[in-house]
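Quick notes on the structure that follows.
Throughout, read-outs are computed from the coordinates displayed, never taken from laboratory work. No experiment lies behind these values; they were computed from the predicted model shown. Neighbour counts run over all protein chains shown; Cβ positions are idealised from the backbone, glycine included.
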Amino acid sequence: MDLMGKATEIVGGIMVGLRRAHSPKVQAIGPEPAIPDPKAQGIMTLKMPSAKGWAPGHLPTTAPGLKVNAFASGLDHPRWIEVLPNGDVLVAEACEEPGPPKSFMDRAAQATMRRAGALVRSANRITLWRDEDGDGVAETRHVFIEGQHQPFGMALVGNTFYIGNTDGIVAFPYEEGATSLTGEGRKLVSFKPHGHWTRSLIASPDGTKIYAGVGSLSNIGDQGMEAEEGRAAIWEMDIASGQSRIFASGLRNAVGTAWEPVTGKLWTVVNERDGLGDETPPDYLTSVQDGGFYGWPYCWWGQNVDERVSQDPALVARAITPDYALGGHTASLGLCWMPEGTLSGFGEGMVIGQHGSWNRSILSGYRLIFVPFRDGRPDGAPRDILSGFLSPDEKFSYGRPVGVTVGADGKSLLMADDVGDIIWRVTAA
């Protein structure tokens, strides 16, 4: 461990110890969460378990009535999954590539991330996995495309395959059954890289538009709002014209997106700001309105003003309160709609991959959860689908959930684990 890493571990341990006794005992969850008052931390809490991975025979814990197996293993930081119409499973393998640290806190945060295995060389590729005999385990692997710029989101519309690189959306021709993409691809939209680097993609149900999540550069506009232009937003690209625009804004880091079929609304999960407490403000799941503004960086959970930020009262006044709180710093990244009948014992609702916290005294997230829906709205408390990714003493993470999607058979879930380097498959027991 380098000197910065050791210093961070010591200082972080002191701050965690001081704050742990005062950490909220109940998570801020649901449509009307109990959110503790904000308290600026000064020196931010830095706590992340060391990446350990899974020993042979060691599996995540499933909800009663379910079982889990490794669909694919030996990956390099798998982050996002796309299932093609023919059943092929595509996996984006990439991770953060940090720029030079600009402050002590940057250095400390990077040292914490390295210990967790989150800052390593990015594979920058998409691999294709094929389960030819239908037994729930992929037998063949192909490099679908490599040499990309932190690829993450993927979408297939007709015979065109779209990739969400950190610096923009690229399109390639695709033929059904192909095991690789060829050519350079066409750059359709450019995004600013760095900061929150993931670029999730989802096509509209009618195949006319692509939506992309573009996270902020910083925590609360620390480098000025000019640097944040075009960020903290969900973008919409019209496929026919190639024109793009910001669809919704004020979303600090909107990652996974999903369509809710009853109302036809787009939903997303958002990672909120740091430095105001273990449970303040909560990450959230919300429907997304065209032209809607959701508060970042000026306020959170409606009109709760962040006193650390130079204010814009007009934007604060029109900030939309999110639909459903997911708890503070859970790093909810993956999102998919799960129809009723997919998993035994679960109805319809949203499935969320919670990557897990690194900046609170008692860790949160590190699980795959289900939020039940009724009539197009969340309806009830979240339930675990997979857990056990974190050691009981919080020193090690065996895995960290990221992207999730329904399997080609309609009776399973596939989830990317970027510490275990595994794609997990969940089915009825």
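Only residues that are over 13 Å from E97 (Cα atoms) and either in a loop (DSSP other than H, G, I, E, B) or among the acidic types (D, E) (or both) were counted across segment 149-159, and they come to 3. Taking residues in segment 365-378 that are over 13 Å from K265 (Cα atoms), and partners anywhere that are of a type in the set (D, E) and in a strand (DSSP E or B), the pairs with Cβ atoms closer than 9 Å and at least 6 places apart or on different chains are G365/D283; R367/D384; L368/D384; I369/D384; F370/D384.
The set of residues from segment 134-161 being within 21 Å of L333 (Cβ to Cβ) and either within 19 Å of the chain's Cα centre (by Cα) or free of Cβ contacts under 8 Å to residues at least 40 places away in the same chain (or both) comprises H149, Q150, P151, F152, G153, M154, A155.
F396 satisfies every condition listed in (1) touching a Gly at 6+ places or on another chain (Cβ under 7 Å); (2) closer than 28 Å to A94 by Cα; (3) surrounded by fewer than 22 Cβ atoms within 10 Å (Cβ to Cβ) except (1).
Among the residues of segment 349-385, the one identified as β-branched (V, I, T) and in a loop (DSSP other than H, G, I, E, B) is I362. Of all residues in segment 208-262, those that are in a strand (DSSP E or B), among the aliphatic types (A, V, I, L, M) and under 16 Å from the mean Cα position of the chain (by Cα) total 7.
So which residues in segment 181-205 are more than 17 Å from the chain's Cα centre (by Cα), assigned to a loop (DSSP other than H, G, I, E, B) and small (G, A, S), if there are any at all? Of everything in segment 181-205, those that are more than 17 Å from the chain's Cα centre (by Cα), assigned to a loop (DSSP other than H, G, I, E, B) and small (G, A, S) turn out to be G183, G185, S204. Screening the candidates R231, R252 for the property of being closer than 25 Å to I362 by Cβ and either free of Cβ contacts under 8 Å to residues at least 60 places away in the same chain or among the aliphatic types (A, V, I, L, M) (or both) yields one hit, R252.
Every listed requirement among (1) out of contact with any Pro (no Cβ under 7 Å at 6 or more places or on another chain); (2) surrounded by 20 or more Cβ atoms within 10 Å (Cβ to Cβ); (3) over 20 Å from V371 (Cβ atoms) is met by S332 save one, (3). Residue selection: T268 fails the criterion of being outside any loop (DSSP other than H, G, I, E, B), polar (S, T, N, Q) and within 24 Å of P24 (Cα to Cα). Considered as a group, the residues in segment 32-55 that are of a type in the set (S, T, N, Q) and assigned to a loop (DSSP other than H, G, I, E, B) include one that is surrounded by the fewest Cβ atoms within 10 Å (Cβ to Cβ), and that residue is Q41. Inspect segment 386-401 for any residue being assigned to a loop (DSSP other than H, G, I, E, B) and without any contact (Cβ under 8 Å) to a residue 12 or more places away in the chain and give the result as yes or no. Yes, segment 386-401 has at least one match.
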